[in-house]
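In what follows, a structure is listed as structure tokens, so that the remarks can point back to it.
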Amino acid sequence: MNKTPMTARGAEKLREELAHLKSVERPRVIKAIAEAREHGDLKENAEYHAAREQQGFIEGRIQEIEGKLGNAQIIDPTTVAVADKIVFGATVDLLEVETDTEVTYQIVGDDEADIKQNRISVNSPIARALIGKELDDVALVQAPGGAREFEILAIRYE
């Protein structure tokens, strides 16, 4: 199975969520199921069915996170030895040529992507166009709204 790239920060957030699910959410739902059972007839007990459904979601998320962490290739952007080339983990300052606006993106794993924090997935059209480019190159991005050009102003690993 292929390894999935993930930053150290992204892996730590997943570990924190996993610990929270196992130590807080799972026991809470088990307690709710036990309390609902005490109310009697389980066939018509909405509290019991809701708690069981929530338990299923929690257990599914635990398995999903464990699978992602087990399959992760954790990359610390501060230790990347590539200075002038864009690779996974890079923070890139770009100039959108058409609108003359500057944007900054960090290329991260799929689970870490958050456009509000300027973190884009390594599999996004912009990241795919940027990977391998160097300072002052122009990247042509095939976006759903049409082609866009970005000039690379700065590359850093933080």
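The values are calculated or read from the model by the stated rules, or taken from the named source; none is laboratory data. This one's a predicted model, so the numbers in the text were calculated from it and none came from an experiment. Every residue, glycine as well, gets a Cβ built from its backbone with ideal geometry; the counts of neighbours run over all protein chains shown.
Would you mind telling me which numbered condition in (1) over 23 Å from the mean Cα position of the chain (by Cα); (2) surrounded by fewer than 20 Cβ atoms within 10 Å (Cβ to Cβ); (3) at pLDDT 90 or above ASP84 fails?
(3)
Every residue, every condition in (1) assigned by TED's automatic domain parsing to the domain that holds VAL122; (2) closer than 30 Å to PRO125 by Cβ, yes or no:
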| residue | (1), (2) |
| --- | --- |
| GLY10 | no, yes |
| LYS13 | no, yes |
| VAL29 | no, no |
| ALA34 | no, no |
| GLN55 | no, no |
| ARG61 | no, yes |
| LEU69 | no, yes |
| ILE86 | yes, yes |
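Working only within the stretch 123-143, note down all residues that are assigned to a loop (DSSP other than H, G, I, E, B) and either touching a residue at least 12 places away in the same chain (Cβ under 8 Å) or among the acidic types (Asp, Glu) (or both). Explain how you work it out, then say what you get.
Taking the stretch 123-143 and keeping what is assigned to a loop (DSSP other than H, G, I, E, B), we get 123-124, 131-133, 135-137.
Selection gives ASN123, ILE131, GLY132, LYS133, LEU135, ASP136, ASP137.
Restricting to the stretch 18-77, what's the tally of residues that are of a type in the set (Phe, Trp, Tyr) and at pLDDT below 90? Steps first, answer last, please.
Within the stretch 18-77, the first condition is being of a type in the set (Phe, Trp, Tyr), and the residues that meet it are 48, 57.
Imposing the further condition that a residue be at pLDDT below 90 reduces the set to 48.
Total satisfying the criteria: 1.
For the stretch 44-57, check the following and say yes or no: at least one residue is closer than 26 Å to ASP76 by Cα, crowded, with 17+ Cβ neighbours inside 10 Å and among the hydroxyl-bearing types (Ser, Thr, Tyr). Spell out the reasoning first.
Restricting attention to the stretch 44-57, the residues satisfying the condition of being closer than 26 Å to ASP76 by Cα are none.
No; the residues of the stretch 44-57 include none that is closer than 26 Å to ASP76 by Cα, crowded, with 17+ Cβ neighbours inside 10 Å and among the hydroxyl-bearing types (Ser, Thr, Tyr).
Looking at THR104, THR91, THR99, which one is of a type in the set (Ser, Thr, Tyr), surrounded by 18 or more Cβ atoms within 10 Å (Cβ to Cβ) and either within 24 Å of THR4 (Cβ to Cβ) or outside the structural domain of ALA11 (by TED's automatic domain parsing) (or both)? Steps first, please.
Values: THR104 fails: surrounded by 18 or more Cβ atoms within 10 Å (Cβ to Cβ); THR99 fails: surrounded by 18 or more Cβ atoms within 10 Å (Cβ to Cβ).
The match here is THR91.
Every residue in the stretch 108-140 that is hydrophobic (A, V, I, L, M, F, W, C), over 21 Å from ALA11 (Cβ atoms), surrounded by 14 or more Cβ atoms within 10 Å (Cβ to Cβ) and at pLDDT 90 or above, please. Walk me through it before giving the result.
As a first pass, look at the stretch 108-140 and keep what is hydrophobic (A, V, I, L, M, F, W, C): 108, 113, 115, 120, 122, 126-127, 129-131, 135, 138-140.
Right, trim to over 21 Å from ALA11 (Cβ atoms) and you get 126, 129-130, 135, 138-140.
Next, from what is left, pick out any that are surrounded by 14 or more Cβ atoms within 10 Å (Cβ to Cβ): 126, 129-130, 135, 139.
Selection gives ILE126, ALA129, LEU130, ALA139.
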